[in-house]
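The values are calculated or read from the model by the stated rules, or taken from the named source; none is laboratory data. Everything quoted here is computed from the prediction, not taken from an experiment. Here the Cβ positions follow ideal geometry from the backbone for every residue, glycine too, while neighbour counts run over all protein chains shown. Each accessible area value is taken on the protein alone, full model and side chains, heavy atoms only, with ligands, DNA and RNA left out. Shrake-Rupley method; radii C 1.70, N 1.55, O 1.52, S 1.80 Å.
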Amino acid sequence: MSFFKKLKEKISGQTQTITNKFKEGLTKTRGAFEKVEDLVRRYKRIDDEFYEELEDILISADVGVNTVMELVDELRSEARKQKIENAHDLQPILSEKLVGLLQEKEEDTSLNIEEGRLNIILFVGVNGVGKTTTIGKMAHMFKNQGKKVLLAAGDTFRAGAIDQLEVWGERVGVEVVKQQQGSDPAAVIYDGIHNARARKADVLLCDTAGRLQNKVNLMEELAKIRRVISREVPDAPHETLLVLDATTGQNALSQAKAFSQSAELSGIVLTKLDGTAKGGIVIAIRNELQVPVKFVGLGEKMDDLQPFDAEQFVHALFATSIEKEEVEKAEE
C-alpha cells in the first residue's frame, strides 16, 4: 500500500475540520512542496541532477541545509535498497521520511496537564513572535475544556505587554494577575501562583519578557522565574514552551538554539504558519533541536492554534499529490 494511502487512512479518524485547518493553514507552504510533484513528473529516472533539484526545493522551503542533506542521503539509500528507478515512486517515501523526522517513536507531543493540581505553563520567546496571542488562544482552549485558567503578566519590560495580555484576558474571560511595568517578573509569577491557588485554578499561563538582544539578563531572569516557580510548586513548571514565528525561517531556528541552551524547553509553539511558504522550518527545528513541536498557529481565529500532528502536517504538504494519486487509481 502506498504511504500516501496509509497517511490518508491514519488521519481519517480525525475530524474533517482539523484536516481542513491544516490544509488551509499550510496553503503557502504546500505551493513550495508542489514543486516536488513537478520534479518527479519531469524526471522519469532518478539521477544526480534529480537529487540536486530536490535539495534546492527543500532548502527553499526552509527545511534547513543539514536536515535536507540527511533526508536526501536517506532517500538515495532507500532508492538503492528498494531498486527504485522511477522518480514518481520516491515521492511517497519522501513523505514517509518527513513524518519520521517530525515524530519520534513513543514521543508524547501532548501537554503535561493533570487533573487535581495547579498546572503551570511558562512561555518564552522573543518579542513579536505572537507569544501573548498564543497565551490568549491557549487560555481559550483550556476554558473550552472546562478548566479554570489564570494568566500572569510576567513581561514587565515591554511597554504595552501587560495591557495586551489584559485585552486577551477580557476577550477570553479569564483573570490576569499583574503588577506595574518595570516590576520584578518573578514577583508577578509568585503572585500568580498564590492567586491561582486561592481561586482553585487548574492552569496558570505565565508570560515572560523576550529581549534576546540582552540575552544574559533575559536568561538570568528566566532562571529566577523558574526557581520561584519550583520553590512554590516543586514539580513545576510543567511545561516550558518556546514560541517562534514561522515566517522568520532560519532566524526562528537561531532563536530556538539560543533558548534551548539556556532554558529547559519541553516543547515549541510555531505561530503564523499560514503566513509563510517556508513552513518547512518545522522540520528543521524538530530535527536539529530534538524538542517536540506541540502546537502550531494556522490562522487568525481563536481556535486556529492547533495541537501539532505530524501526519496531518505532511498530508497537508502533499495534499495535491495525494488527490492526484487517488484520481489516477480510480481511472485505472
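Observations, loosely collected:
- Report summary: the helix-based calculation at 222 nm, which adds -39500 (n - 2.57) for every DSSP H run with n ≥ 4 and divides by the residues of the chain, gives -17000 deg cm²/dmol.
- Dipole in debye (nearest 20) - the chain, about Cα centre, beta carbon charges: Lys, Arg +1; Asp, Glu -1: 920
- Restricting the GluC sites (Glu not before Pro) of region 110-218 to loop positions (DSSP other than H, G, I, E, B) with no more than 15 neighbouring Cβ atoms within 10 Å leaves E114, E115.
- q = 0.06, 0.14 Å⁻¹, the chain: log10 I(q)/I(0) [Debye, one scatterer per Cα]: -0.24, -1.05
- Dipole of the chain, positive direction: furthest Cα of L151, L101, V291, with charges on the beta-carbon: L151
- Annotation: the antiparallel percentage among DSSP beta bridges lying fully within region 119-308 is about 10.
- Since only L218, L75, S262 are under comparison, the one whose Cα sits farthest along the positive direction of the charge dipole of the chain, derived from C-beta charges on Lys, Arg, Asp and Glu, is L218.
- Value of Rg to Rh for region 119-308, rounded to two decimals, is 0.94; Kirkwood radius and Rg both from alpha-carbon coordinates.
- Pairwise centroid distance, computed over Cα atoms, of region 270-323 with region 86-123, Å: 10
- Ligands, DNA and RNA are left out, and with a 1.4 angstrom probe the accessible area of region 21-177 is 47 Å² per residue.
- Under the criterion of Cα pairs below 8 Å and six or more residues apart, the relative contact order for the chain equals 27 percent.
- Each Lys and Arg adds +1 at its Cβ and each Asp and Glu adds -1 at its Cβ; summed about the Cα centre, region 119-308 shows a dipole of about 180 debye.
- Rh by Kirkwood over Cα pairs, then Stokes-Einstein D for region 1-101 at 1.002 mPa s and 20 °C, µm²/s: 147
- Loop trypsin sites (Lys or Arg not before Pro), region 105-135, which have at most 11 other Cβ atoms in a 10 Å radius of their Cβ (DSSP): K105
- T320 paired with A198, simple spin-label distance in nm, labels 7 Å along Cα-to-beta-carbon: 5.7
- If both residues of a DSSP beta bridge must be in the chain, then about 15% of such bridges are antiparallel.
- Projecting the Cα atoms of L241, G31, I113 onto the dipole axis of the chain, where Lys and Arg carry +1 and Asp and Glu carry -1 at the beta carbon, places I113 farthest toward the positive end.
- Annotation for region 51-90: trypsin sites (Lys or Arg not before Pro) lying in DSSP loop with at most 14 further Cβ atoms inside 10 Å of their Cβ are K83.
- Solvent-accessible area of the chain (1.4 angstrom probe, protein heavy atoms only): carbon and sulfur portion equals 46 percent.
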